[in-house]
Amino acid sequence: MADVAALAGVSSQTVSRVANGHPGVVETTREQVLAAMSELGYRPNSAARSLRYGRFNTIGVILFGLSSTGNSRTVEAIATRAATEGYAITLIPVGAPTQDNVMGAFTRMGELAVDGVILIIEVHLLDATAVALPPGVHVVVVDSDAGDRYPVVDTDQADGAHQAVRHLISLGHRTVHHVAGPAESYSAERRTGAWRRALEEAGRTVPPLERGDWSADSGYRAGLRLAADPACTAIFTANDQMALGVLRALHETGRRVPADVSVVGFDDLADAASYLPPLTTVHQDFAEVGRRCVEALLRQIHDEPAGPGTDLVPTRLVIRDSTAAPEHPLWST
């Protein structure tokens, strides 16, 4: 800093003010300092600055399962939004949702010096395993039923599933079969619950559900079982990847989509419009989830009040070519 000050012909205090983005520096002076920094290859010492101001400009992200589409896209959105706010992210995946693993992840985050933590949960973690988050930590939770204890940001997945089922019923299908996600998934449970409620509200029979694991392969196996039932004319899958497997199973067994069976997915993956046929699906706005997570956490970091509660991001049904009215009059309403 002294070398920069000497080259620019200013005081070290002025260099410090420019390096930290403080207002009140004459523009010509600021340009002199920046030019001197560039010439000398000077970079501010972020560690020292963090110690001085008590901020690290880093957000920690703890998550269970990076392989799932929802989690990976949420992390991508969080990283993108954090970068626009001048923050980096530190990612710690946790293999099993246990109290020890969660507390270990928070301990590790403390060692890495982060300003707050976003916790992405794919299971009933906070209830099922009685995990208690460390007190005094700035935290936002994603995809959880913990809104009574922590700030939560989530997609309105129940409404999305309800839209999907109502769409199929409105086309004239007597009932809608469901390929659900894993039983331990909170997202899967909400979609399954909304599927069941929508059928009950319409006075329709609720058929036995098929259980998958989010993968196309599990959707394929479920699709083979459903394809063998001639009464099955409509299928709502809990994600687009399982819908892809269902489409393959229907094709291999000679069931036409949508002439014989309509299929709706959930997520609206980038490739969903390129499925054969293009997939009707529920769009989740992962970018908005990431934006709201980062903004909710920054409010806490900047000492704004942040009580518990759930912030739901709306979903919308994207209608493509995989759904139509049933052709066989035996199964029409």
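A few comments on the model shown:
- Electrostatic dipole magnitude of the chain [Cβ: Lys, Arg +1; Asp, Glu -1; Cα centre; debye, to 20]: 100 debye
- Counted charge near Ala325, where neighbours are those whose Cβ lies closer than 12 Å (Asp, Glu -1; Lys, Arg +1): -1
- Under the criterion of Cα pairs below 8 Å and six or more residues apart, the relative contact order for the range 186-279 equals 25 percent.
- Each pair of Cα atoms in the chain enters the Kirkwood radius, and Stokes-Einstein at 4 °C and 1.567 mPa s then converts it into a translational diffusion coefficient of 58 µm²/s.
- Annotation: extensible slack from Glu201 through Arg316 equals 39.4 nm (criterion: 0.36 nm per residue apart, minus Cα-Cα distance).
- Per-residue 3J(HN,Hα) values for the range 100-115, derived from phi via the Karplus relation 6.51 cos²θ - 1.76 cosθ + 1.60 with θ = phi - 60°, read 4, 5, 5, 5, x, 5, 5, 4, 4, 4, x, 5, 7, 6, 10, 7 Hz in sequence order (x marks Gly and Pro).
- Cβ crowding within 10 Å averaged over residues, with 209-221, 315-327 ranked highest first: 209-221, 315-327
- Gyration tensor verdict on the range 199-328 (Cα atoms; rounded if a/c is under 1.5, prolate if a/b is larger than b/c, oblate otherwise): prolate
- Among Thr205, Ala272, Gly223 the positive-end extreme of the charge dipole of the range 194-273 (Cβ point charges): Thr205
- The chain, relative contact order in percent, only Cα pairs under 8 angstrom and at least six apart counted: 17 percent
- Rounded to 10°, Cα long-axis angle of helix 286-301 versus longest principal axis of the chain: 40 degrees
- Rolling a 1.4 Å probe over the protein heavy atoms of the chain, with every protein chain left in place, gives an accessible area that is 52 percent carbon and sulfur.
- Extension gain from Ala231 to Asp303, taking 0.36 nm per residue of separation minus the Cα-Cα distance: 20.1 nm
- Between helix 186-201 and the chain: long-axis angle, C-alpha atoms, 0 to 90°, nearest 10: 40 degrees
- Surface accessible to a 1.4 Å probe, Val257 within the full protein complex, Å²: 30 Å²
- The C-alpha atoms of the chain define a longest principal axis, and helix 240-252 lies at about 30 degrees to it.
- One decimal place: the segment Asp217-Arg149 gains 20.8 nm when fully extended, by the rule 0.36 nm per residue minus the C-alpha distance.
- Protection proxy ranking, peptides 296-309, 104-117, 230-243, 160-173, average beta carbon neighbours within 10 Å, highest first: 230-243, 160-173, 104-117, 296-309
- Solvent-accessible surface of the range 155-242, taken per residue with a 1.4 Å probe and all protein chains present: 36 Å².
The values are calculated or read from the model by the stated rules, or taken from the named source; none is laboratory data. The model shown is predicted, which means the values in this text are computed figures rather than measured ones. Note: ideal-geometry Cβ built from the backbone for every residue, glycine included; neighbour counts use all protein chains shown. Accessible surface is based on the protein model in full, side chains and every heavy atom, while ligands, DNA and RNA are left aside. Shrake-Rupley method; radii C 1.70, N 1.55, O 1.52, S 1.80 Å.
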